[in-house]
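One structure is given below, encoded as structure tokens.
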Amino acid sequence: MSAQRGPKPSIRFGQVVIGPPGSGKTTYCQGMQQFLTGLGRKVVVVNMDPANEGLPYPCDVDVSELVTLDDVMEGLKLGPNGGLLYCMEYLQANLDWLESKLRKHKDCYVLFDCPGQVELYTHQSSVKDIFIQLGKWNFRLTAVHLVDSHYCTDPAKFISVLCTSLSTMLHVELPHVNVLSKMDIIEQYGKLAFNLDFYTEVMDLSYLLDHLASDPFFKKFRHLNEKLAEVIQDYSLVSFVPLNVQDKESMIQVLRAVDKANGYCFGDLEERNLQAMMSAAVGADFQFDSTLGVQERYVETSKQSLDEEMMEL
């Protein structure tokens, strides 16, 4: 007789919140926790950042109970970057600790607040291996990659953001949602050269290259910028969802994208109708109207004529 199999573990859904330092990951986790709680979901936040102190949200699982960046830097005489890499490798070597903590929250939606070191998601493998192990524990996760929206006002920085986002998507290998955070201050450091949907949908980057070539410093790098743009457009993977954590409509748009990516909208945890499922399946729920609404709220409308704008460009 074949051996009896144990009960199949239930599927758990969640988000791994990643992005550069200062992009708003912890603020996002706090806002999303409050938002999901208001919708009736049981939410658990896991702090995966050993350098994250003074958390603004109730933290159910905190990696600093296992290892802290300060202790590693002091004990091993490492800098902040090397210390953070060591902390993630230490967590990877002690995944039984993480599993025991998560086992207490089997019926919860989980938000993983991850460190802000970029190379953890583009080159180093420890965080990726942790995500793989979470998948083996029956987690269905979406990577929510946050970047500051004000980078859109600088063409060179925006191309850099596109390259980082694409590299992260290819390395992490999870369903992925790229988010432009802090939309309420998008034009704090300058004006957008194009409409917001040009940046969220990552349209023809040749227009951005022409705008970049007007800068004498970047003019000599035009060929390099063209090749970078070709790589981004050849993959055709990167797009963005605009977000202001304090705006309910903005949070709804991000949550819809996340739920489609990890399959939560097809689960049986909440009652859903067939029309919503088909809309998610065929991608009929276009983002243009929502992006237009965000632009009207946060992007100052130019009073110049089209000819005057073209003369400036």
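Backbone phi angles across the range 98-105, fed through the Karplus curve with coefficients 6.51, -1.76 and 1.60 (θ = phi - 60°), yield HN-Hα couplings of 5, 4, 5, 6, 6, 4, 6, 10 Hz in residue order; Gly and Pro are listed as x. The listed peptides 111-119, 255-263, ordered by packing as a protection proxy, come out as 111-119, 255-263 (highest mean of other Cβ atoms within 10 Å first). Whole-Hz Karplus values for the range 175-190 come out as x, 10, 10, 8, 10, 8, 8, 6, 5, 5, 10, 4, 9, 5, 10, x Hz, taken residue by residue from phi with 6.51 cos²θ - 1.76 cosθ + 1.60 and θ = phi - 60°; glycine and proline positions read x. For the range 232-241, the Karplus equation 6.51 cos²θ - 1.76 cosθ + 1.60, evaluated at θ = phi - 60°, returns couplings of 4, 6, 5, 6, 6, 10, 8, 8, 10, 10 Hz by residue, with Gly and Pro reported as x. Once label points are set 7 Å from the Cα along Cα→Cβ at both N138 and E74, what is their separation, rounded to one decimal in nm? Result for the modelled spin labels: 4.1 nm.
Per residue, the range 172-259 exposes 53 Å² of solvent-accessible protein surface, assessed with a 1.4 angstrom probe and all protein chains in place. Computed over protein heavy atoms with a 1.4 Å probe, the accessible surface of the range 35-146 works out to 44 Å² per residue.
Efficiency by 1/(1 + (r/R0)^6): what FRET value for E65 and L170, r their Cβ-Cβ distance, R0 = 30 Å, to the nearest 0.05?
0.40
Taking max minus min of the alpha-carbon positions on each principal axis, the range 223-270 gives extents of 50, 27, 9 Å, largest first.
Near T142, the amide H atoms lying under 5 Å from its own belong to G14, Q15, V16; only residues 5 or more places off or on other chains count, and H is placed 1.01 Å from N. Taking each residue as 0.36 nm, the span from Y235 to V118 lengthens on full extension beyond its C-alpha to C-alpha distance by 40.1 nm.
Farthest towards the positive end of the charge dipole of the range 1-139, among the residues F112, A93, V43, is the Cα of V43, using unit charges on the Cβ of Lys, Arg, Asp and Glu.
The values are calculated or read from the model by the stated rules, or taken from the named source; none is laboratory data. Here the structure is a predicted model, which is why all the values come from computation and not from measurement. Backbone-built Cβ (ideal geometry, glycine too); neighbour counts: all protein chains shown. Each accessible area value is taken on the protein alone, full model and side chains, heavy atoms only, with ligands, DNA and RNA left out. Shrake-Rupley method; radii C 1.70, N 1.55, O 1.52, S 1.80 Å.
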